[in-house]
Amino acid sequence: MSLTRNVYTRYTTKAFDPARRIPPEVFAELETLLRFAPSSVNSQPWHFFIADDDAGKARIARATPAAYAYNEGKIRNASHVVVLAVRKDLDDAHLAALLEQEDRDGRFPTREARANQEKARAFYVGLHRNELKDVQTWASKQVYLALGALLLGAATLELDAAPLEGFDTQILDAELGLAERGLTSLVIVALGYHSGDDFNARLPKSRLPAERVITRL
Ligand SMILES: Cc1cc2nc3c(=O)[nH]c(=O)nc-3n(C[C@H](O)[C@H](O)[C@H](O)COP(=O)(O)O)c2cc1C
C-alpha cells in the first residue's frame, strides 16, 4: 500500500467489530512505533497505557459519562485501547534517566558529547519550565507526535483507529492513578477493525483545499 493511499483510506472509525482482535505481533509493531516516536530534545515525556481485554477497556470506558457517552462503544468494542498520557513536569530525575539511557545506547563517543547533550536539553527544558512556564503544554505537543505516528502506523498495518479527546480527563486520571505518577491523560486511541454499522466507513473524507492550507514560498 502506498503512503498516499493510506492517507486517503485511514479514517476515524465510529463502530468497531467486537469479535475481531489485533494479532499480538501486529500490536507489538504499534508499541514500537509509540516508543520510537520523535520528541523535542528526545524528552519522551509520555506514558502509554494499553488495554487489550474487557476489564481494562471497562476501566477506560468509565471516563465516558454523559456528554462523552458517544465514545463509550468505541472503547468497549475496539480490540486494543491506548491512553496517551503526558508528564506534567520534566523533573531532574526524568532528565537524568534520559541521559543515562542515551549513554547506555551508545550515543556519546566522548564525555564532552554527553555534557553537550545534557546542556542542550537543560536549556530547552529550563526555557519552558522557568521562562515560558508552559512545560506541560510543550510536553503535550510531543505526545501528539506519537499520536500522529500511531494513526498513520495503524493505517499502514491495515488497522482501523479512532483518536478520542472526548472523555473526562479527571475520571480517567483518577481511575489510572495518574496524578500519583506525575501524569495526566491527553488522548485515547481505540484500535481494531470496523463493524458493518460504521457509518463513517461509507462517508467521503472532507478536507480544505490544498491552496487554503499550503503556501509555496
Ligand atoms: C486529537 C483528536 C481527537 C478526536 N476526538 C474524537 C472523539 O472524541 N470522538 C470522535 O468520534 N472522533 C474524534 N476525533 C476524530 C476527528 O473528528 C477526525 O479525525 C476528523 O473529523 C477527520 O476525519 P478522519 O479522521 O476520518 O480523517 C478526534 C481526532 C483527533 C485528531
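The values are calculated or read from the model by the stated rules, or taken from the named source; none is laboratory data. Please read these numbers as outputs of a predicted model, since none were measured by experiment. Ideal geometry is used to build each Cβ from the backbone, glycine not excepted, and the neighbour counts take in all protein chains shown.
Restricting to segment 49-70, and then to whatever is surrounded by fewer than 21 Cβ atoms within 10 Å (Cβ to Cβ) and touching a Leu at 6+ places or on another chain (Cβ under 8 Å), can you tell me which residue is nearest to Leu186 (Cα to Cα)?
Filtering segment 49-70 for residues that are surrounded by fewer than 21 Cβ atoms within 10 Å (Cβ to Cβ) and touching a Leu at 6+ places or on another chain (Cβ under 8 Å), the one nearest to Leu186 (Cα to Cα) comes out as Phe49.
How about segment 142-167: which of its residues are of a type in the set (D, E, K, R) and either within 24 Å of Thr4 (Cα to Cα) or in contact (Cβ under 8 Å) with a residue 60 or more places away in the chain (or both)?
Glu158, Asp160
If the requirement is being in contact with a helix residue (DSSP H, G or I) (Cβ under 6 Å, 6 or more places away or on another chain) and buried (at least 18 other Cβ atoms within 10 Å of the Cβ), which of these qualifies: Ala139, Ala154, Ala149, Ala190? If you could, list the steps in order and put the result at the bottom.
Values: Ala139 fails: in contact with a helix residue (DSSP H, G or I) (Cβ under 6 Å, 6 or more places away or on another chain); Ala154 fails: in contact with a helix residue (DSSP H, G or I) (Cβ under 6 Å, 6 or more places away or on another chain); Ala149 fails: buried (at least 18 other Cβ atoms within 10 Å of the Cβ).
Result of the check over Ala139, Ala154, Ala149, Ala190: Ala190.
So which residues in segment 106-120 are of a type in the set (S, T, N, Q) and either surrounded by 12 or more Cβ atoms within 10 Å (Cβ to Cβ) or at positive phi (or both), if there are any at all?
Listed by number, the residues that qualify are Asn116, Gln117.
Among the candidates Phe123, Phe199, which residue alone is touching a residue at least 60 places away in the same chain (Cβ under 8 Å) and exposed (fewer than 13 other Cβ atoms within 10 Å of the Cβ)?
Working: Phe123 fails: touching a residue at least 60 places away in the same chain (Cβ under 8 Å).
Exactly one of Phe123, Phe199 is touching a residue at least 60 places away in the same chain (Cβ under 8 Å) and exposed (fewer than 13 other Cβ atoms within 10 Å of the Cβ), namely Phe199.
Residue by residue, here is whether (1) within 12 Å of the ligand (Cβ to nearest atom); (2) basic (Lys, Arg); (3) more than 29 Å from Val26 (Cβ to Cβ) holds:
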| position | (1), (2), (3) |
| --- | --- |
| Ser140 | yes, no, no |
| Val143 | yes, no, no |
| Leu152 | yes, no, no |
| Ala161 | yes, no, no |
| Glu165 | yes, no, no |
| Ile171 | no, no, yes |
| Gly182 | no, no, yes |
| Ser185 | no, no, no |
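Here is a yes/no grid of residues against (1) assigned to a helix (DSSP H, G or I); (2) within 16 Å of the ligand (Cβ to nearest atom); (3) more than 18 Å from Lys57 (Cβ to Cβ):
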residue	(1), (2), (3)
Ala85	no, yes, no
Leu90	no, no, yes
Leu95	yes, no, yes
Glu112	yes, no, yes
Lys119	yes, no, yes
Arg129	yes, no, yes
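List the number of the failed condition for Asn200; all other conditions in (1) over 30 Å from Ala93 (Cα atoms); (2) out of contact with any Lys or Arg (no Cβ under 8 Å at 6 or more places or on another chain); (3) polar (S, T, N, Q) hold.
Just one mismatch for Asn200, condition (2).
Looking at this structure, is Ser40 away from the ligand (no atom under 13 Å from the Cβ), modelled with pLDDT under 95 and farther than 20 Å from Asp168 by Cβ?
Numbers: away from the ligand (no atom under 13 Å from the Cβ): yes; modelled with pLDDT under 95: no; farther than 20 Å from Asp168 by Cβ: yes.
Judged against the criteria, Ser40 is not a match.
Which residues, counting only those in segment 166-217, are part of a loop (DSSP other than H, G, I, E, B) and within 26 Å of Pro23 (Cα to Cα)? Reasoning before the result, please.
We begin by selecting, within segment 166-217, every residue part of a loop (DSSP other than H, G, I, E, B); these are 166-168, 177-178, 182, 193, 195-198, 202-209, 214-217.
Within segment 166-217, Tyr193, Ser195, Gly196, Asp197, Asp198, Arg202 meet the criteria.
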